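Engineer: Dropping a structure here in structure tokens format, bear with me for questions.
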Amino acid sequence: MNPFVGVISPLVVMLAAVMKRAERRVLRQLRDSGAHSPESAQPLEPMAALGQLRLSRLIDGGAVIATADGRYYLDEDGWEHYRSERRRRAFAAVAAVLMAGVVVYLFTK
């Protein structure tokens, strides 16, 4: 195995786990505070850079909505759409890697 792959693979998995945890914190804050509509929107606790990045992705994906006065709420329908799109992209990435592996295997055999 390529030593580069042996080092990078665990790092990618760890980064994905840390990003997922940061995303769950944002979602938990909104759910725990009952922020599910513009009327119930809440400010979020200060967060590290990765939390801010995940919040931006959630906003861009339509899962979290920011109000004009700096509060946020969780759009459950937007969250479901965001999750399904993320699953679709992950499936496409895995399929592409598998296909590339098959092509390499067939041409190096």
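Engineer: If you place +1 on the Cβ of every Lys and Arg and -1 on the Cβ of every Asp and Glu, how big does the dipole about the Cα centre of the range 3-108 come out, in debye to the nearest 20?
Structural biologist: 460
Engineer: If you don't mind, another one. Could you give me the radius of gyration and the Dmax of the chain, taking only the C-alpha atoms into account and expressing both in angstrom?
Structural biologist: Cα-based Rg and Dmax for the chain come out at 18.4, 63 Å.
Engineer: OK, next. Could you put Val18, Val26 in order, starting from the residue whose Cβ has the fewest other Cβ atoms within 10 Å?
Structural biologist: Arranged by neighbour count, lowest to highest, Val18, Val26 become Val18, Val26.
Engineer: Among 33-39, 87-93, how do they line up by average Cβ neighbours within 10 Å per residue, starting with the highest?
Structural biologist: 33-39, 87-93
Engineer: Grab the other residues whose beta carbon is less than 13 angstrom from that of Arg25, score K and R as +1, D and E as -1, and report the net.
Structural biologist: Residues near Arg25 contribute +3 overall.
Values in this text are rule-based calculations from the coordinates and carry no lab data. Quick caveat, the model's predicted, so the values are computed rather than measured. Here Cβ is always computed from backbone atoms with ideal geometry, including for glycine, and neighbour counts include all displayed protein chains.
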